[in-house]
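What follows is a set of notes on a single structure, which appears directly below.
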Amino acid sequence: MAHYAYNGDVRIAYEDLGGRGGDPLLLFMGLGTSRFWWPLGLVRELVRRDFHVVAYDQRDAGESGRLPGRPAGPPVRALLRRTAPAYGAEELTDDAVAVLDAVGWRRAHLFGHSLGGLVAQRTAIRHPDRVRSLTTSAAVPSDARGLRVLRYVRPGPLLRFARLRQPDTPEGNLALAVAVARILAAPGRSVGEADVSEFVAREAEHHVPSFRDQRAQSRQIGATWHGGPLADITAPTLVLHGRQDPLLRVSAARDTAAAVPGARLLTLPGVGHFLSQDTWATYAAHIRAQADLAGPADRQPPAARAG
């Protein structure tokens, strides 16, 4: 069930996924993707490890507010344009803090995947007093901006994404999700309808199709960061990356970990960009171990709550 936080006039949808009484953990999902793409099996693994889990939709995705904007075409073009973006990357981090306020969390552990990992990094930079620990997965480093991001991106998957065409029907949405998951999965790994049907069914229930609004994706990826460097992160940080990630090179994780003081780097063999079932227990265990480095739990309410 969706609840809503507000960052100014922008409505941010979030969902309490269980584990009340556990350590607060906020999940950040990737580009153009709703919170429904968090596998419930992974969530159960996190709850089992004493986390209270909340996931949210970034602006321009899922049930959160969508903003008008000019950019169209493949989202990668947003890295090339010279016109002013629809919003800044700082606003994406403020959206996450609005969710923390609405839930009633003074501080939380953060776990971000793909673009969500990038936003989680920047949240830890901009709002250090709200972050207990940071774990990122399959994300580019915040210090890389504009065209420099492309050094970490493999071009093959981008070309395959650009060719995807499926009708906007229940069957088409399922076929599109399967195609996306196959592009993101580790090479040689079998991916079928059973791996994505949960996500697609939840999105259909809420009338939220992923991956179809290229304008929204362009606005997300084109949000410009004017904040500090990764060296400003003070929270205990873990950088995860699949060694067989077909989309982002492992160098993205290496550079992130090298830039964050005291960060730990863990590359996982046989793991791609897609959060397949065989990764869930491993990811949850590492997120738990990282959270334990932050010290005793802090569950004080924030000074102010979002409306």
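Quick note: the coordinates plus some simple rules give every number you see, no bench work behind them. No experiment lies behind these values; they were computed from the predicted model shown. We place every Cβ from the backbone using ideal geometry, glycine too, and count neighbours over all the protein chains shown.
Quick notes on this structure:
- Put a plus charge on the Cβ of each Lys and Arg, a minus charge on the Cβ of each Asp and Glu, and nothing anywhere else: the dipole of the range 3-292 about its Cα centre is then about 1040 debye.
- With neighbour counts taken as other beta-carbon atoms within 10 Å, the residues E198, E203 rank, fewest first, as E198, E203.
- Share of pairwise Cα separations in the chain, more than 30 Å, in percent: 24 percent
- A simple charge model with +1 on the Cβ of Lys and Arg, -1 on the Cβ of Asp and Glu and nothing else charged puts the dipole of the range 88-155 at about 320 debye relative to its Cα centre.
- Length gained when the stretch L67-R165 is fully extended (0.36 nm per residue, less Cα-Cα span): 32.9 nm
- Legend: ranking of residues Y56, Y283, Y6 from fewest to most surrounding C-beta atoms inside 10 Å; resulting order Y6, Y283, Y56.
- Of the residues H3, H109, H52, the one with the fewest other Cβ atoms within 10 Å heads the list, and the complete ranking is H3, H52, H109.
- Helical runs (DSSP H, four residues minimum) scored at -39500 (n - 2.57) apiece and divided by the length of the chain put the mean residue ellipticity at 222 nm at -10000 deg cm²/dmol.
- Taking all Cα pairs closer than 8 Å and separated by 6 or more residues, the relative contact order of the chain comes to 25 percent.
- Neighbourhood charge, 14 Å Cβ-Cβ cut-off, centred on P170 and excluding it, Lys, Arg +1 and Asp, Glu -1: -3
- Calculated diffusion of the range 168-307, Stokes-Einstein form, Kirkwood radius summed over Cα pairs, 37 °C and 0.692 mPa s, µm²/s: 181 µm²/s
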